[in-house]
Amino acid sequence: MDPCNCIEPQWPADELLMKYQYISDFFIALAYFSIPLELIYFVKKSAVFPYRWVLVQFGAFIVLCGATHLINLWTFGMHSRTVAVVMTTAKALTAAVSCATALMLVHIIPDLLSVKTRELFLKNKAAELDREMGLIRTQEETGRHVRMLTHEIRSTLDRHTILKTTLVELGRTLALEECALWMPTRTGLELQLSYTLRQHNPVGYTVPIHLPVINQVFSSNRAVKISPNSPVARLRPFAGKYVPGEVVAVRVPLLHLSNFQINDWPELSTKRYALMVLMLPSDSARQWHVHELELVEVVADQVAVALSHAAILEESMRARDLLMEQNVALDLARREAETAIRARNDFLAVMNHEMRTPMHAIIALSSLLQETELSPEQRLMVEMILKSSNLLATLINDVLDLSRLEDGSLQLEKGTFNLHSVFKEVFNLIKPVASVNKLLVTLNLASDMPVYAVGDEKRLMQTILNVSGNAIKFSKEGSISIAAFVIKSESLREYRNAEFFPVPSDGHFYLCVQVKDMGSGISPQDIPKLFTKFTQTQPLATRNSGGSGLGLAICKRFVNLMDGHIWIESEGLGKGCTASFIVKLGFPERHNETKLLFVPKVQANHVQTNFAGLKVLVLDDNGVSRSVTKGLLMHLGCNVTTVGSSDECIRVVSQEHKVVFMDVSMDCYEVASHIRERFGKRHERPLVVALTGNTDKATKENCIRFGLDGVILKPVSVDKMRNVLAELLEHRVLFEAM
């Protein structure tokens, strides 16, 4: 064979076509094999695709087609040019479409998977929303049950009803087999079964409070599942193959339930708990749900609030009942006290009148007897009678004053009076008594002390007389000094103490009166007793002047009424003492104001001593009193006519009578009205004066209202009657202070 030196020719066109077919078959086979893999991946990832068997069949078909093309790689043969071109074109198109399909599937499969994922996500969201809606409905149902139960609980404030209603409503709402309430005992060491729903166990059964299961529940503010076999959960007896249901327990706070007791509850329940136990039906698979436990917890809190409200109501009702009982008792005591006071006052008023009537006879007749010719021994006896009678009259006045001071019926009669004259009159009254005991009495009035003042003249004078009288009574020798001065505003604080707090003002001033004696003195430990009524601190040997122990007690009350203070100082027995008191008086509007005198103040040596020819009419139904008054007037020279009845008085009285004395009990108001009507002109009618033993203010007010010209308080002595007639004839009016 000859060697060929020519260049090998290019691959013929037919071989080139075959090469193209070969390459196309390869890519077609590759595409066919990749498509099933992609479909398998899709099926594996897509959990919701419904036609998996179609995909499996389609994958098998493609695998077979791919295998066919793969086989063609090894079965190429010689074909005509036309056939080869057609096959090449077809295979090229198939390869292109197959590759495009495979590539498209690679791009589309994630999108298809995402579509299915969003669908699953929406389904999951829908399921979650359904669950949430169910929870909301459950919560709404729970809330409705709580509201209903709360309404039932709050519809009453009776603790027993609250607790029983709670168990009944919980049993109905949660379909419980049993529900019970355990309460702490008074000792706090045990829990007592107090209420049950079915009443399987008797109420009163107790368990120790320190059990582990109880501590577990008390230490949590949530409902706790407990063993059905625990002591507090054995709410019904076991029988046969009884399988108890699930049991939960929750604590019920007992918040500040003072004196709130149920079956021996403690009086103070702060930081203590009751125990509520709830059991589901037995022999069932039912379990406690979260919303049911929440309902139990809410109800426990509501019960605690309702119990605290009930406790508050019970306490308030108990306090109200106790207050009502106390008010009834106080009202009864007040009425009894008022009745006793009225009875006492009525008794004192009657005794006052009844005692003054015989005292009037004793003093009047003794004073008349004293002005007759008597032997020294007889005169001494008459003076002793008069002294004892005056002491008794003073005692009567003191008892009445003290009675009115204690019941508050005594009121100050304020008016303008001559302050200097009060002290001078007291001085003139006590000086003769002091001279008998050979005592020197001095009076010292400050130069700046006002002449006129506004206050109760009678009570001020009575206080000064009582204090001065005590100084004379308990002094054997030496002197007694009476001093009075106005306390300066800047010095008031020196006199302040726990009982007395003077306050300066423009319209008032504080007058201080001091009475100093050199008498028997007082032991310092006895000084606080001096102002107690019926108390006498002097030794028996020094009580020769008598006394009731009422003087200083009355003085203290008078001084208190005048916004003042009284105290006594003494260094001891035998060293004398100083009695001081401060009273609040007012400045008068006009210093030249004149005032009619209520008591005679003219001294005996300046008074008319003989009233010869003065026609006087005396009206008194008491024969003794009538005779005594007649005797006094006749002793003074009067022409006296006596009558025993009002009608007789009206018939006898004439223009010639200058004065008519009548007892208050003899319809004196009616008689006075008749006399005023009969004698129209004031200077033509006789002066009508009431003689009375009543010291109440109403008597004086009635006499003034009915037009009487005067009121004289019994008893009346010769000197007093002489002064009364002189004042009446001079001023035509005389109202003695009551």
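Which of the residues spanning the range 139-164 are at pLDDT 80 or above and more than 33 Å from the chain's Cα centre (by Cα)? Answer for the range 139-164, where residues must be at pLDDT 80 or above and more than 33 Å from the chain's Cα centre (by Cα): just K164. Filtered by the rule that a residue be polar (S, T, N, Q) and assigned to a helix (DSSP H, G or I), the range 612-658 gives S625, S627, T629, S646.
Conditions tested, residue by residue: (1) closer than 24 Å to N610 by Cα; (2) among the hydrophobic types (A, V, I, L, M, F, W, C); (3) out of contact with any strand residue (DSSP E or B) (no Cβ under 8 Å at 6 or more places or on another chain).
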| position | (1), (2), (3) |
| --- | --- |
| V660 | yes, yes, no |
| E670 | no, no, yes |
| I675 | no, yes, no |
| A690 | yes, yes, no |
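Consider D346 carefully, then state whether it is farther than 20 Å from S627 by Cα, more than 21 Å from the chain's Cα centre (by Cα) and loosely packed, with under 11 Cβ neighbours inside 10 Å. So D346 fits the description; yes. Residue count for the range 683-713, restricted to those that are assigned to a loop (DSSP other than H, G, I, E, B) and free of Cβ contacts under 8 Å to residues at least 12 places away in the same chain: 1.
I want to confirm something. Restricting to the range 499-533 and keeping residues that are among the aliphatic types (A, V, I, L, M) and over 21 Å from M461 (Cα atoms), which single residue is least open to solvent (accessible area, probe 1.4 Å)? So the residue we want is I522.
In the range 447-459, how many residues are among the charged types (D, E, K, R), in contact (Cβ under 8 Å) with a residue 60 or more places away in the chain and either open to solvent by 50 Å² or more (accessible area, probe 1.4 Å) or in a strand (DSSP E or B) (or both)? Matching residues across the range 447-459 total 1. With respect to (1) at pLDDT below 85; (2) under 30 Å from A337 (Cα atoms); (3) surrounded by 20 or more Cβ atoms within 10 Å (Cβ to Cβ), the lone exception for S475 is condition (2). Selection of the range 652-674 for residues being among the β-branched types (V, I, T) and either touching a Cys at 6+ places or on another chain (Cβ under 6 Å) or crowded, with 21+ Cβ neighbours inside 10 Å (or both) yields V653, V659, V660, V671.
Results for (1) in contact with a His (Cβ under 8 Å, 6 or more places away or on another chain); (2) assigned to a helix (DSSP H, G or I); (3) modelled with pLDDT of 75 or more, shown as yes or no for each residue.
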position: K533; (1), (2), (3): no, no, no
position: T537; (1), (2), (3): no, no, no
position: S545; (1), (2), (3): no, no, no
position: L552; (1), (2), (3): no, yes, yes
position: F558; (1), (2), (3): no, yes, yes
position: D563; (1), (2), (3): no, no, yes
position: I566; (1), (2), (3): no, no, yes
position: L573; (1), (2), (3): no, no, yes
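V303 meets the conditions (1) in contact (Cβ under 8 Å) with a residue 60 or more places away in the chain; (2) open to solvent by 20 Å² or more (accessible area, probe 1.4 Å) in every case but one. The failed one is (2). A310 falls short on exactly one of the conditions (1) assigned to a helix (DSSP H, G or I); (2) under 30 Å from T394 (Cα atoms); (3) open to solvent by less than 80 Å² (accessible area, probe 1.4 Å), and that condition is (2).
Residue by residue through the range 716-738, note down the ones that are assigned to a loop (DSSP other than H, G, I, E, B) and either outside the structural domain of S673 (by the TED database) or within 53 Å of the chain's Cα centre (by Cα) (or both). Within the range 716-738, E736, A737, M738 meet the criteria.
Does the range 319-326 contain at least one residue that is within 27 Å of the chain's Cα centre (by Cα), touching a residue at least 60 places away in the same chain (Cβ under 8 Å) and within 30 Å of I162 (Cβ to Cβ)? So far as the range 319-326 goes, no, none of its residues is within 27 Å of the chain's Cα centre (by Cα), touching a residue at least 60 places away in the same chain (Cβ under 8 Å) and within 30 Å of I162 (Cβ to Cβ). For A498, only one of the following conditions fails: (1) over 17 Å from K556 (Cβ atoms); (2) not in a helix (DSSP H, G or I). What is its number? Condition not satisfied by A498: (1). From the list L374, L465, the lone residue that is modelled with pLDDT under 85 and surrounded by 14 or more Cβ atoms within 10 Å (Cβ to Cβ) is L374. For the range 400-446, the set of residues classified as touching a residue at least 24 places away in the same chain (Cβ under 8 Å), of a type in the set (G, A, S) and open to solvent by 40 Å² or more (accessible area, probe 1.4 Å) consists of S409, S421, listed by residue number. Taking (1) loosely packed, with under 14 Cβ neighbours inside 10 Å; (2) modelled with pLDDT under 80; (3) aliphatic (A, V, I, L, M) in turn, A319 satisfies each apart from (2). For the range 659-682, a residue qualifies if it is assigned to a helix (DSSP H, G or I), of a type in the set (D, E) and either in contact (Cβ under 8 Å) with a residue 40 or more places away in the chain or more than 14 Å from L619 (Cα to Cα) (or both), and exactly one does: E677. The C-beta contact set for the range 382-399 (first residue outside the structural domain of V433 (by the TED database) and surrounded by fewer than 18 Cβ atoms within 10 Å (Cβ to Cβ), second residue outside any helix (DSSP H, G or I) and at pLDDT below 75, distance under 6 angstrom, 6+ apart or interchain) comprises L391/G546; L395/S548. Does the range 629-642 include one or more residues that are modelled with pLDDT of 85 or more, surrounded by 13 or more Cβ atoms within 10 Å (Cβ to Cβ) and among the charged types (D, E, K, R)? Yes, the range 629-642 contains at least one residue that is modelled with pLDDT of 85 or more, surrounded by 13 or more Cβ atoms within 10 Å (Cβ to Cβ) and among the charged types (D, E, K, R). The sole residue among V467, V454, V486, V441 that is in contact with a His (Cβ under 9 Å, 6 or more places away or on another chain) and assigned by the TED database to the domain that holds K516 is V454.
Would you check if there is a residue in the range 232-253 being surrounded by 14 or more Cβ atoms within 10 Å (Cβ to Cβ), modelled with pLDDT of 85 or more, within 20 Å of L174 (Cβ to Cβ) and basic (K, R)? Yes, the conditions are met somewhere in the range 232-253.
The values are calculated or read from the model by the stated rules, or taken from the named source; none is laboratory data. Just so we're clear, the structure is a prediction, and the values are computed from it rather than from any experiment. Backbone-built Cβ (ideal geometry, glycine too); neighbour counts: all protein chains shown. Each accessible area value is taken on the protein alone, full model and side chains, heavy atoms only, with ligands, DNA and RNA left out. Shrake-Rupley method; radii C 1.70, N 1.55, O 1.52, S 1.80 Å.
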